[in-house]
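Reviewing the structure listed below.
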Amino acid sequence: MRFRVLGPVCLEPRTPSAPKQRAVLATLLVRAGAVVPAGALFDELWPDGPPRTAATTLQVYVSHLRKALTQGGHGRGPLETRPPGYLLRVEPGELDLRLFEELLSRGRAAFGSCDFAAASRELTEALALWSGPALSGVPQGEVLTAAAVRLDELRFEALELRIEADLRLGRHHEVTGELMELARAHPLREQLHCQLMEALRRAGRTTDALRAYRAVHRSLHDELGVTPGPALMRLHARVLSAHASEPGAATAAAVVAVPIGRPRAGSRRASGGPLPDVRVSRAHRRSP
């Protein structure tokens, strides 16, 4: 038996075809090993309020799931009735989410001990488990929406940490193309833009690094009304310093380093929305 939630919700060997049945499976999987109250499943399946037949309908969904999980309905399967709801038991190696979390934990530990090669390996393996946005292909209520946001944020953490490990290993040439694509796809995610600028700086492409800074500066200004956070600004200063020593740098620097707007006096904390591609640094200065 294999369960997948890091992408379309999937049960191997056979995924339920009914969307709400898949939603029940997904809700039980994100809380695997814990009792999920029937009331929580009602809220997930019927966000606008359960119908009068909700209890009976949920029992039908659970019955069909049991048959799928026992490959015919014979014997004691992993889905148990536990008042006030249901519990899904998952064995080691069956759920991609658990394997991802284990690999991410090992990658964090390796990075923390400065074993960047091991960190890159563990995190590369973790990211290979993903096949799309978390918990896709099912109708999502409050529980699954929150879980999807959390999982996609963990995916970004693994991705950014793996890239950082590769940069520490001197692999800036290898990651530059990947970072350019990521920066275009996630124009407000500052860590990715920091990593792109650093990769370009190490490759001696300071003009491109300054253009990358200007792009993220404009995105933050236009979308959120803020200026880049301290990490980006420090890196920008380093790139400008390196660029200034290059032949013919003055003209190019004037083109790519013109500020957008003028920050007001004072500062504020700003954060993006809950989705991974709009998270920004915790501290910014407001721009008009």
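The values are calculated or read from the model by the stated rules, or taken from the named source; none is laboratory data. Not measured: the values here are computed from a predicted model. Please note: Cβ atoms are built from the backbone with ideal geometry, for glycine as well, and neighbour counts cover all protein chains shown. In case anyone asks, the SASA skips ligands and DNA or RNA and just uses the protein heavy atoms, side chains included. Shrake-Rupley method; radii C 1.70, N 1.55, O 1.52, S 1.80 Å.
Would the stretch 94-101 turn up any residue that is under 23 Å from Thr145 (Cβ atoms), among the charged types (D, E, K, R) and free of Cβ contacts under 8 Å to residues at least 60 places away in the same chain?
Within the stretch 94-101, one or more residues are under 23 Å from Thr145 (Cβ atoms), among the charged types (D, E, K, R) and free of Cβ contacts under 8 Å to residues at least 60 places away in the same chain.
Go through (1) modelled with pLDDT of 95 or more; (2) assigned to a helix (DSSP H, G or I); (3) closer than 18 Å to Leu11 by Cβ; (4) open to solvent by 40 Å² or more (accessible area, probe 1.4 Å) one by one and return the number of the condition Ser131 breaks.
Condition not satisfied by Ser131: (2).
Looking at Ala146 and the list (1) in a loop (DSSP other than H, G, I, E, B); (2) surrounded by fewer than 18 Cβ atoms within 10 Å (Cβ to Cβ), which single condition is not satisfied?
(1)
Being assigned to a helix (DSSP H, G or I), within 24 Å of Val9 (Cα to Cα), open to solvent by less than 60 Å² (accessible area, probe 1.4 Å) and out of contact with any strand residue (DSSP E or B) (no Cβ under 6 Å at 6 or more places or on another chain) narrows it down to one residue among Leu192, Leu123, Leu167, Leu179; which is it?
Only one candidate passes the filter, namely Leu123.
If only one of Arg98, Arg4 is open to solvent by 60 Å² or more (accessible area, probe 1.4 Å) and touching a strand residue (DSSP E or B) at 6+ places or on another chain (Cβ under 7 Å), which one is it?
None of the others qualify; the one that does is Arg4.
Go through the stretch 101-119 and give me each residue that's surrounded by 16 or more Cβ atoms within 10 Å (Cβ to Cβ) and over 17 Å from the mean Cα position of the chain (by Cα).
If the condition is that a residue be surrounded by 16 or more Cβ atoms within 10 Å (Cβ to Cβ) and over 17 Å from the mean Cα position of the chain (by Cα), then Arg106, Ala110, Phe111, Phe116, Ala118, Ala119 are the ones that fit.
May I ask you to say which residue of Ala209, Ala215 is surrounded by fewer than 18 Cβ atoms within 10 Å (Cβ to Cβ) and either at pLDDT below 95 or among the small types (Gly, Ala, Ser) (or both)?
Ala215
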